[in-house]
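One structure is given below, encoded as structure tokens.
The values are calculated or read from the model by the stated rules, or taken from the named source; none is laboratory data. Keep in mind the model is a prediction, meaning the values are calculated, not measured. Cβ: placed from backbone, ideal geometry, glycine included. Neighbour counts: every protein chain shown.
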Ligand SMILES: Nc1ncnc2c1ncn2[C@@H]1O[C@H](COP(=O)(O)OP(=O)(O)OP(=O)(O)O)[C@@H](O)[C@H]1O
Ligand SMILES: [Mg+2]
């Protein structure tokens, strides 16, 4: 059974259609990326998966726990780092949340546990956001714009840490990423979304060889930034 | 000396109840970013119910108080359910809804309990230390308050649920992503507010009898206390409440009890000024106004731009010719109110701030014009001085208050409203409660307005001029800055709009308009009293603007016309024979309160934008679709499947 199943999803903002019949699946343990130009509807999809937006039509089924790293980090800036992490476990209401696990992955956070999250640097905030999403012991991690505003080394570190977790657990990943080169190198399968529709899907290797996709996302300066 | 200590103790006790109300405000604000105007209502209703339980139903102490508190809790949940009921409602709209509900509750309170003060015995006995007598009730209040504050402090700062609730306001979207039910948390916060307010009311009634309108003072006092902690910190709210209570008790003891709201206001302004000086660095709690309805469309046909307004002016000028004396009075009222509501619409639509005290600025204008012309100034000069004085006064208040990002102006203006009426009735030089009489007619040189029709023309001319001034203001460069401000404060700031200064200017302009209308009103009536500028009138202005639509010019005109007519109907109904004397008030409170709530929930942008949108939709102007614009500052994203209101 698929871990995440999205069927014929239609989401509107007022009259404006942001997602138009989106289908998408993620199997347990799978690495999937969703790429597309600005305004394609990626964040809208994430918000719908998280239950922040309600679809007009279609269904979202998650057979398991999901953790979300929202676009732009979205920490609780007035709360401490530790409180931010703890609130990530809200859905599971666990009495012994895996704080130490997160501190193992991101050791620098331990010393900042009691700082106000709003005072952290962008990279540190992204670490908290990833850690917070991991606190609910998810089987699916949804990351919206992992590398936004981060230095390449920081991205690399976060990627490494997520990879490490995947060695121990069967964590699946749905990655949304502007750096398509990174996303394609990391993930096995990809969906391409444009104007609220999935316009292509398949193995990343095969997709990367399609001229249209290469042109749009990988050629030119598309992936050369990093 | 012992008198002083007794004042101090009772001041601390009263301050504790204010702090309790304030803690309810903090609870709601922390979780929802809504400033809850109904905070005092919970106390009053709880106290009334306790009084009935004790005196009418003869229930034992303890049970009666518990019932009162329970009703406070229930009322809190009810207000919360309505204020948070619609997804995507902005905090400022929710604020007005709580205001509307508080006003509607007035009607219920009056109907059920009448307008006499209610009280009941508290804990009997006094503590005697030497020559000092301290009522045990005071000690009870202080003890209970300290215990409760410790409890809620622990709740918010030490428990998981408390942190989850705080997270809701900090970042609603992220909270929802973590699976926190933001709206349910908000509801619980309102419940907490109701509970705390209820406890305050039940404790306070034995030492301070309550009437239906005590809630305004309680809410203002509680707010002033909460402002100490920027509506976020509980310990500072407690401190604030005590400072305020002691100050009020000393003023009441040594000067005059009716100056209470002045103390609250003075303390509030002082704290805000101090905070404004302090702050500058840290990001304050942010609260953006609802976006005004789409500005006047681009290229319109010539006849729409020129012919229609000309026709409108001609009609407005011709109407007085066909009216009899009593209808002329209604017409003048309409024009004057329109001047005020246009200003309020600018303030609410563009600066995203609410004034619950426009009648006070009208009063300032009216008294300025009346006093000056009574002292021999030519009427024209007195007339021109009125808006200046009102505007300056507003700027003075606005500079500290508007520095705070959250919507503090609403409370500050309400405090001004109460303070001013109290002051005017107490100052003999201003005529006390009988007001000023035999104000000369308006005139220029030897020419004088002698007839109602003349005043009608004056009023309509002023209204038209104000309308055009405001239109040009909106279309001008500062106007565009204002629109930027209405959409996003941060964005406006980043393109170099000095947000605070603009807000102050708009507030001063709106006050000046009110002052201008007040001046004409004074000349036209020939006599003015403080009661003519009541909180109810301020409320009416608010209803007019919200019904009509924010940030538009047609909106307030339509809203004003509708409400003035409605007012006539209500007055006729309320003064039927056999009705109690307070019946007109009951009707007005009920109708205005409910209107505010219903309009904000059903037509969040007011009637005029709604119907003009419908009109365009029906008559197929395709370029419409101001859809999909989320209400900025909304707790969560707009519900996508919902039809937009555009
Ligand atoms: N709250 C909103 N109200 C109205 N329209 C919205 C809202 N949020 C997004 N949209 C619109 O929906 C469409 C999809 O937006 P979305 O944020 O999902 O894009 P995205 O793929 O995440 O883009 P990006 O790569 O820039 O993050 C865009 O056209 C956007 O303008
Ligand atoms: Mg996005």
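Side notes on the structure shown:
- Just one of (1) out of contact with any strand residue (DSSP E or B) (no Cβ under 7 Å at 6 or more places or on another chain); (2) over 17 Å from residue A:135 (Cβ atoms); (3) more than 16 Å from ligand 2 (Cβ to nearest atom) fails for residue A:107. It is (2).
- Hey, residue A:22 within 14 Å of chain B (Cβ to nearest Cβ), more than 13 Å from ligand 2 (Cβ to nearest atom), farther than 23 Å from residue A:170 by Cβ and touching a strand residue (DSSP E or B) at 6+ places or on another chain (Cβ under 6 Å) or not: yes
- Residue in segment A:2-14 that is assigned to a helix (DSSP H, G or I) and either facing chain B (nearest Cβ under 9 Å) or crowded, with 17+ Cβ neighbours inside 10 Å (or both) present: no
- Screening the candidates A:160, A:124, A:139 for the property of being under 20 Å from residue A:60 (Cα atoms) and more than 12 Å from the chain's Cα centre (by Cα) yields one hit, A:139.
- The residues listed here are B:617, B:642; of these, the one that is over 23 Å from residue B:41 (Cβ atoms), within 14 Å of chain A (Cβ to nearest Cβ), assigned to a loop (DSSP other than H, G, I, E, B) and at pLDDT below 80 is B:642.
- Matching residues in segment A:132-168 - criterion: being within 16 Å of ligand 2 (Cβ to nearest atom) and in a loop (DSSP other than H, G, I, E, B): A:145, A:146, A:147, A:148, A:149, A:150
- Test: residue B:84 is out of contact with any strand residue (DSSP E or B) (no Cβ under 7 Å at 6 or more places or on another chain) and at pLDDT 95 or above: no
- Some residue of segment A:53-65 being within 16 Å of ligand 2 (Cβ to nearest atom) and at negative phi: yes
- Residues satisfying the stated conditions in segment B:173-184, i.e. surrounded by fewer than 24 Cβ atoms within 10 Å (Cβ to Cβ) and either more than 9 Å from chain A (Cβ to nearest Cβ) or free of Cβ contacts under 8 Å to residues at least 60 places away in the same chain (or both): B:179, B:180, B:181, B:183, B:184
- None of B:411, B:393 is touching a residue at least 24 places away in the same chain (Cβ under 8 Å), outside the structural domain of residue B:268 (by TED's automatic domain parsing), part of a helix (DSSP H, G or I) and within 17 Å of residue B:517 (Cβ to Cβ) except B:393.
- Hey, residue B:355 assigned by TED's automatic domain parsing to the domain that holds residue B:417, in a loop (DSSP other than H, G, I, E, B) and crowded, with 24+ Cβ neighbours inside 10 Å or not: yes
- Residue satisfying all of: in segment A:21-35; buried (at least 19 other Cβ atoms within 10 Å of the Cβ) and over 14 Å from the mean Cα position of the chain (by Cα); farthest from residue A:166 (Cα to Cα) among these: A:22
Results for (1) more than 17 Å from the chain's Cα centre (by Cα); (2) more than 14 Å from chain B (Cβ to nearest Cβ); (3) within 16 Å of ligand 1 (Cβ to nearest atom), shown as yes or no for each residue.
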position	(1), (2), (3)
A:164	no, yes, no
A:167	yes, yes, no
A:180	no, yes, yes
A:185	no, yes, no
A:189	no, yes, no
A:192	no, yes, yes
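- In the condition set (1) farther than 16 Å from residue B:160 by Cβ; (2) more than 16 Å from ligand 2 (Cβ to nearest atom), residue A:73 is compliant with all but (2).
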